[in-house]
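Okay, so here's the structure we're looking at.
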Amino acid sequence: MQGSWRKVAAGGSFAVVATAVCALHAQSEGPVIWYRSSEGCPDGAAFLARLQSRAQGARLAQVNDRIDFVVTLGSSEGRSSGKLERQTVGSTVAIREIETQSCEEVADALALTLTLTLNPSGSGAQPEASGEVAPAPEPAPAEPAHSLAAPGPRASGTRQAASRSPPTSTRVPPDDREGPVGTHASNGVWLFGAQLGAVTGPTGAVGPKSAVFMEYEPGWAALPGASARFGLFFARVEDDAPGLSVTMLGGHVDACPVDFVGPKIHLRPCLGFELGTVLASGRSTSRRDDQGAWGAVLGSARASWVATPGFALELEGGAFAPLVRYAFVSGTGSELYQADSVGFFGALGAALRVP
């Protein structure tokens, strides 16, 4: 009988010790991260390396692991974005999304956010679980400012990815997405393209107009949709009424300060000017030819569609006001026609985008 009691006591002691060891192991175990990234972005090991300073013990999820956080990084069309998701007590998901020019910057920002979430006070102690979503303290101004809900205890028995739970989404303010206030994005986009359309000449008749251009989108934080364009144009209008052919050629410059849509569809108002030369030729047998300087102020609306990261289609239309209104006269000196005060144009175009 005494031997049986000894066995029972030994078994009970072993169970108590095993339970205590498991509890200590569960308390000391680091967060489990389900990590996804696209080509050109840091891999899981590189992301964990960014956490080593203040989030020791974090590891990537394996099959059948419970999931504490889901990290997703991707890069497309010259922009990089990332998302950090976590499982809360109520089985909901707190989401933080970040978008910048560099996938490395996104990884750094998400690593900082996750580190602050696990250790908001910097003391290494896990904050008391309340089940409430509370913002983490802001980091120093020199680093991208991002925060995530304060962590609560893990939902017991949860083995599916947090992305399957109903999300509540919070987006970073526009200024934070581009980095510290007062700086501009590091990577601009160049466009090289051509247009084909129609224009009204000095006499009001319509003729073809073609142009080649190069455009730059700097990606400034203050004006993220701004662009500037320089191009060369050629137009020829023939008017049977006064028997006149008018050719205009030169260069044009315009600037578009804002973009009302983006990022796939762009709609920009633009202002600019043209400088060049105008050639007028009579179409009669006793025709006279003449030449003068051409200048005009123009305003337009330009809509473009980024079909692929390297290719875009556009539609543009607008009006222009000649700086000099020429009078067209016959060989006898009588005036045939005076240039209109306002002209109009429209064009279709395509461009190659070079980040």
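No lab work stands behind these numbers, since they all come straight from the coordinates. Bear in mind that the values here come from a model prediction, so they are computed numbers and not experimental data. Don't worry about glycine lacking a Cβ; one is built from the backbone with ideal geometry, like all the others, and counts go over all protein chains shown.
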Response to the item:
Among chymotrypsin sites (Phe, Trp or Tyr not before Pro) in the range 190-287, those in a DSSP loop whose Cβ has at most 12 other Cβ atoms within 10 Å are Phe260
Response to the item:
For Arg302, Arg283, Arg50, ascending order of other Cβ atoms within 10 Å (fewest first) is Arg283, Arg50, Arg302
Item to complete: Give the residues of the range 224-255 whose amide nitrogen is closer than 20 Å to a point set 7 Å from the Cα of Gln291 in the direction of its Cβ.
Response: 232-238, 244-252
Discussion item. Students often check this: by mean Cβ neighbours within 10 Å, which of 265-271, 97-103 ranks highest, and how do the rest follow?
Written reply: 97-103, 265-271
